[in-house]
Amino acid sequence: MYTRSEELFKQACAVIPGGVNSPVRACRNVDCQPLFIRAGKGSHVVDVDGNEFIDFVLSWGPMILGHADEEVTRAIASAASRGTSYGAPCPDEVALAELVIEAMPSLEMVRMVNSGTEATMSALRLARGVTGRAKLLKFVGCYHGHADAFLAAAGSGLATFSIPGTPGVPASVVKDTLLAPYNDLEAARAVFEREGADIACVIVEPVAANMGLVLPKPGFLEGLRELATKYGALLIFDEVITGFRLAYGGAQARFGIEADLTTFGKIIGGGLPVGAFGGKAEYMRHVAPQGEVYQAGTLSGNPLAMAAGLATLGQLKNRDYGALEQKVGAFARELESILKAKGVPIQVHTIASMFTPYFSDEPVTNFDEVKRCDQKLFGEFYRQMRAQGVYLAPSAFETGMVSFVHTDEDFSRTLECAAKVRF
Ligand code: KE4
């Protein structure tokens, strides 16, 4: 069934750490081997053994128009026919910057980078440069890419000090990273009361999607906005996932909250390596070469990536996000009732075009509660769905993504497969 994938994985493990170029792809969280994908079209992918799957990973978010969208593919091919990189400004960089700014209420300027990690790393440096402060507040379970300062784990007990979340990050680097539980506004307030004068920024996933899908409690984001303003810290919305997915204008448009800085990735590159950070001109004018806060990148604004992003956002502008949300909401509710009928504890979180099945009947509002969900049941569900041709995110800490080209047939087939799962 998967022999070519198994051969390739063995080959890959000899030359690439863990056989993959990003850890979650190794499928270790669901105790199976990764599939090597040969092609994708629309809402489906085909692996190297010719198995076809309904894809709910969508490259972890970028492929909201589906794989090999014709307009995006044409735009990339046309740009490539004129060259692939110049290390000089090109017209599409300006066009994409203007499109992102037009879409996002809080933006006046934006800088293109090559990944979400670069975007958040640069936004943090900018916040520190603008405020002259060193500390940052992040929330346990939120992921902002792998820049050292964000790879902090919660210290012991309720202390908000951090310890390195991984070898290779010195304690000195995370000593300025303060932590609080997601959705715990009182904890965030306490951190600000104690450390507010030294906090450069508070960074948050406005909808958490890296501990599975955890929605912000009413008032949580509004409270962070007030705290940041009160203490002179910058509020950074990490919209690498939610940008152009939660709504065309992202979480800030959907929730009506203006961040000081916003970070992007994934969708704005249409599947090519793009990230971006942006905000009001009063902050962004500090970025080199206009200002003193250094940030750079050989391939930033790459013409192929800009063409892909423009072709993607240009189409998204006219898409009906509300209709997609209704479809995905109905699917999530049906999935939840099918699994509930099997007698397992289950709740399926969903917003916009995202969903996560949590195998638990308890409230899931932060990372500690996510960790109490039954990961074994999730693994069993994942493996049996994949065996039937449904490609879910291979981790209980990730989020299912739906595109504008997933069909009613995709949803009904997926629900039929779920009905056949045996726990
Ligand atoms: P990248 O450096 O992977 O482009 O973006 C980092 C990042 C920043 N902020 C948020 C909210 C993110 O979700 C991410 C990356 N997302 C993960 C999936 N949840 C990427 C998948 C992977 O690591 O392979």
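Observations on the model:
- Qualifying residue in the range 321-341 (condition: more than 27 Å from residue 379 (Cβ to Cβ), in a loop (DSSP other than H, G, I, E, B) and in contact (Cβ under 8 Å) with a residue 40 or more places away in the chain): no
- Residue check, residue 155 small (Gly, Ala, Ser), modelled with pLDDT of 95 or more and away from the ligand (no atom under 15 Å from the Cβ): no
- Output for the range 274-287, where each listed residue is under 18 Å from residue 309 (Cβ atoms) and either aromatic (Phe, Trp, Tyr) or part of a helix (DSSP H, G or I) (or both): 277
- Note on the range 379-423: among residues that are of a type in the set (D, E, K, R) and open to solvent by 50 Å² or more (accessible area, probe 1.4 Å), the one that is farthest from residue 267 (Cα to Cα) is 422.
- Within the range 41-68, the residues that satisfy the criterion of being out of contact with any strand residue (DSSP E or B) (no Cβ under 7 Å at 6 or more places or on another chain) and not hydrophobic (A, V, I, L, M, F, W, C) are 49, 50, 51, 59, 62.
- Sole exception among (1) of a type in the set (Ser, Thr, Tyr); (2) farther than 29 Å from residue 138 by Cβ; (3) in contact with a Lys or Arg (Cβ under 9 Å, 6 or more places away or on another chain) for residue 337, by number: (3)
- Breaking point among (1) in a loop (DSSP other than H, G, I, E, B); (2) farther than 14 Å from residue 114 by Cα; (3) not hydrophobic (A, V, I, L, M, F, W, C), for residue 295: (2)
- The residue pairs whose first member lies in the range 73-98 and is of a type in the set (Ser, Thr, Tyr), whose second member is modelled with pLDDT of 95 or more and open to solvent by 50 Å² or more (accessible area, probe 1.4 Å), and whose beta carbons are closer than 7 Å, counting only pairs six or more residues apart or on different chains, are 85/299.
- Residue in the range 101-109 that is on the phi < 0 side of the Ramachandran plot, assigned by TED's automatic domain parsing to the domain that holds residue 268 and within 16 Å of the ligand (Cβ to nearest atom) present: yes
- Identification of strands (runs of 3 or more DSSP E) wholly contained in the range 156-240 with 1 or more residues that are in contact (Cβ under 8 Å) with a residue 24 or more places away in the chain and open to solvent by 40 Å² or more (accessible area, probe 1.4 Å) yields 177-181.
- Qualifying residue in the range 276-284 (condition: buried (at least 21 other Cβ atoms within 10 Å of the Cβ), in contact (Cβ under 8 Å) with a residue 12 or more places away in the chain and in contact with a Ser or Thr (Cβ under 6 Å, 6 or more places away or on another chain)): yes
- Scanning the range 350-376 for residues that are touching a residue at least 40 places away in the same chain (Cβ under 8 Å), open to solvent by 30 Å² or more (accessible area, probe 1.4 Å) and under 20 Å from residue 30 (Cα atoms) returns 367, 368, 375.
- Among the conditions (1) touching a strand residue (DSSP E or B) at 6+ places or on another chain (Cβ under 8 Å); (2) farther than 17 Å from residue 233 by Cβ; (3) of a type outside the set (Ser, Thr, Tyr); (4) within 16 Å of the ligand (Cβ to nearest atom), residue 204 misses just one, which is (2).
- Only a single item in (1) open to solvent by 20 Å² or more (accessible area, probe 1.4 Å); (2) within 15 Å of the ligand (Cβ to nearest atom); (3) out of contact with any Asp or Glu (no Cβ under 8 Å at 6 or more places or on another chain) is not met by residue 323, and it is number (2).
- Scanning the range 241-273 for residues being more than 28 Å from residue 304 (Cβ to Cβ), part of a loop (DSSP other than H, G, I, E, B) and either touching a residue at least 24 places away in the same chain (Cβ under 8 Å) or within 16 Å of the ligand (Cβ to nearest atom) (or both) gives a total of 4.
- Residue within the range 110-133 that is open to solvent by less than 30 Å² (accessible area, probe 1.4 Å) and in a loop (DSSP other than H, G, I, E, B) present: no
- Selection status of residue 145, at pLDDT 95 or above, within 13 Å of the ligand (Cβ to nearest atom), on the phi > 0 side of the Ramachandran plot and open to solvent by less than 60 Å² (accessible area, probe 1.4 Å): yes
- Selection of strands (runs of 3 or more DSSP E) fully inside the range 1-97 by the criterion of at least 1 residues being of a type in the set (Gly, Ala, Ser) returns 37-41.
- Per-region count, the range 22-43, residues open to solvent by less than 70 Å² (accessible area, probe 1.4 Å), over 22 Å from the mean Cα position of the chain (by Cα) and under 16 Å from residue 63 (Cβ atoms): 1
- Per this entry, residue 334 is not counted among residues that are within 30 Å of residue 217 (Cβ to Cβ), open to solvent by 60 Å² or more (accessible area, probe 1.4 Å) and either in contact with a Cys (Cβ under 9 Å, 6 or more places away or on another chain) or in the same structural domain as residue 103 (by TED's automatic domain parsing) (or both).
The values are calculated or read from the model by the stated rules, or taken from the named source; none is laboratory data. On a predicted model such as this, the values are computed, not experimentally measured, just so you know. For neighbour counting, all protein chains shown are included, and Cβ atoms are generated from backbone atoms with ideal geometry for every residue, glycine included. Ligands, DNA and RNA are excluded from the accessible area calculation, which covers all protein heavy atoms including side chains. Shrake-Rupley method; radii C 1.70, N 1.55, O 1.52, S 1.80 Å.
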